[in-house]
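Rule-based calculations on the coordinates, nothing more; no lab input. Note that the structure is a prediction, hence the values are computed from the model and not measured. Here the Cβ positions follow ideal geometry from the backbone for every residue, glycine too, while neighbour counts run over all protein chains shown.
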Amino acid sequence: MRTRKPLRPAAVAKNLAALLLTGLFIFPVYWMVSSSLKPQQEILTKDPVFVFTPTFENYTTATGVDLFWTYVTNSLLVTVGAVILALLVALAASFAIARMKFKGRKGIVLIVMMAQMAPWEVMVIAMYMIARDGDMLNSIPLLTMIYFVMVLPFTIWTLRGFIAAVPVELEEAAQIDGCTRGQAFRKVIFPLLAPGLMSTSLFGFITAWNEFAMVLVLNKDKEAQTLTRWLTQFQTAFGNDWGATMAASALFSLPVLVVFLFLQRKAVGGMTAGAVKG
């Protein structure tokens, strides 16, 4: 029988450090979910309560807010709409940048990088003035277009790397067999872009889903607001309703978790491949 080698101190230290980091990341999520299931009096106690009788009263309070399903619908519309638009535009733009040689190509890549690094919050005042002068305040389509522009630079940059990683010989072979350039892209390159499409969809969804500043400034009408504004509605004259706030936060995180679990196999490869190729 083979004897197991004793663990080296360095390996033990790495494992312990990994466990510690994992615990640091998981504990806030655990505390959010556990607090959402606690009665209000046990949330505000001086000493933390780890053993309690779960209650769904906080979830009832959170989902019982007026226009809750309107907020859900608006969030899904602007997020999914922005991601789909970004994917459609970015596919064409990233293909042109990765495959075609034209004057100003490097400048366009630099502009895309600068747009990705720029904080969009600095544009809030300008966006508000444009929306006000154009009579477009409280507009779901305008919010969708803004989120689309916010997601687009990252989508172009990542998909460019994936397209550049596909050997050009595959495209040329398809054209020799009689395909046009568009057909070669659709039948050869596009199926190989699944990891890139999944990873960019995931990051785009998270970016648009979590955005708060734009909807706070542009959409004052409650019927045009999203779930990020819903999260701020649990303040009373006596303070914050922390149980409802935690329940709302848990519900707000659920769609992102579902999307991640659905896309994770393709997205994990995309996170490391698309950003470094080309």
| Residue-count net charge about residue 247 - beta-carbon cut-off 15 Å; Lys, Arg +1, Asp, Glu -1 | -2
| Using the beta-carbon distance between residue 120 and residue 172 and R0 = 35 Å, what value does 1/(1 + (r/R0)^6) give for FRET efficiency, to the nearest 0.05? | 0.30
| Looking at the range 82-182, which trypsin sites (Lys or Arg not before Pro) are in a loop (DSSP not H, G, I, E or B) and have at most 16 other Cβ atoms within 10 Å? | 101, 103
| query | Helix 105-117 versus the longest principal axis of the chain: what angle, 0 to 90°, nearest 10, using Cα atoms? | reply | 0 degrees
| query | 222 nm [θ] for the chain, helices only, -39500 (n - 2.57) per DSSP H run of 4+, per residue, to 500? | reply | -22500 deg cm²/dmol
| With r defined as the distance between the Cβ atoms of residue 56 and residue 20 and R0 fixed at 30 Å, what FRET efficiency is calculated, to the nearest 0.05? | 0.40
| field | Sparse-neighbourhood loop sites, trypsin sites (Lys or Arg not before Pro) in the range 1-90 - DSSP loop, at most 12 other Cβ within 10 angstrom | value | 2, 4, 46
| request: Could you go through the range 154-163 in sequence order and give the Karplus-derived ³J(HN,Hα) for each residue, using 6.51 cos²θ - 1.76 cosθ + 1.60 with θ = phi - 60°, rounded to whole Hz, and x for Gly and Pro? | output: 5, 5, 4, 4, 6, 5, 4, x, 5, 5
| request: Evaluate the distance, in nm, between pseudo-label points positioned 7 Å from the Cα of residue 84 and of residue 213 along their respective Cα→Cβ axes. | output: 2.8 nm
| task | Enumerate by residue number the chymotrypsin sites (Phe, Trp or Tyr not before Pro) in the range 1-78 meeting two conditions: DSSP loop (anything except H, G, I, E, B), and at most 16 other Cβ atoms within 10 Å of the site's Cβ. | result | 50, 52, 56
| task | Assuming R0 = 30 Å, can you tell me the calculated FRET efficiency for the pair residue 69 and residue 40, based on Cβ-Cβ distance, to the nearest 0.05? | result | 0.75
| request: Determine the sum of side-chain charges near residue 93: Lys and Arg each +1, Asp and Glu each -1, restricted to other residues whose C-beta is under 14 angstrom from that of residue 93. | output: +3
| task | Compute the long axis of helix 124-133 from its Cα atoms, compare it with the longest principal axis of the Cα atoms of the chain, and write down the angle in degrees, 0 to 90, nearest 10. | result | 80 degrees
